[in-house]
Amino acid sequence: MKVKLNSNMITGVLFLIVSVALHILIPSQIRTYETSAVTAATVPTLLIRGMILCSVILLVQGILSKEKTNTRFQEPFSLKKICCG
């Protein structure tokens, strides 16, 4: 199976997965009981949302880029093959 990828697409997807996971985890990790507009979770939430935005921009930039390399996935990933040859 041939897939055309570039580094921006791979990096964008990886950072998107990490940032969405962090965005889901923030409410359980930073508990706030304040009622004001700015709480302890405000700055981390804004940073994670900025990371989501940047990773989406990077992913779109990679999709629209013309410089892609053909990647062929023939065999399933195996840690044994990487370690032991």
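The values are calculated or read from the model by the stated rules, or taken from the named source; none is laboratory data. The structure presented is a predicted model; accordingly, all values stated were derived computationally and were not measured. Virtual Cβ from ideal backbone geometry, glycine too; neighbours counted across all protein chains shown.
What's the total number of residues in region 1-57 that are assigned to a loop (DSSP other than H, G, I, E, B), surrounded by 11 or more Cβ atoms within 10 Å (Cβ to Cβ) and touching a residue at least 12 places away in the same chain (Cβ under 8 Å)?
3
Can you name the number of the only condition in (1) of a type outside the set (G, A, S); (2) touching a helix residue (DSSP H, G or I) at 6+ places or on another chain (Cβ under 6 Å); (3) at pLDDT below 80 that K80 fails?
Checking K80 against (1) of a type outside the set (G, A, S); (2) touching a helix residue (DSSP H, G or I) at 6+ places or on another chain (Cβ under 6 Å); (3) at pLDDT below 80, the one that fails is (2).
Checking the structure you have, find out if any residue of region 51-69 is of a type in the set (S, T, Y) and in contact with a strand residue (DSSP E or B) (Cβ under 9 Å, 6 or more places away or on another chain).
Here is the first cut: in region 51-69, the residues of a type in the set (S, T, Y) are 55, 65, 69.
Filter once more, so that each one left must be in contact with a strand residue (DSSP E or B) (Cβ under 9 Å, 6 or more places away or on another chain): 69.
Checked region 51-69: at least one residue is of a type in the set (S, T, Y) and in contact with a strand residue (DSSP E or B) (Cβ under 9 Å, 6 or more places away or on another chain).
Restricting the search to region 61-70, which residues are part of a helix (DSSP H, G or I) and in contact (Cβ under 8 Å) with a residue 12 or more places away in the chain? Please lay out each step first, then the result.
At the first step, the residues of region 61-70 found to be part of a helix (DSSP H, G or I) are 61-64.
The answer is Q61, G62, I63.
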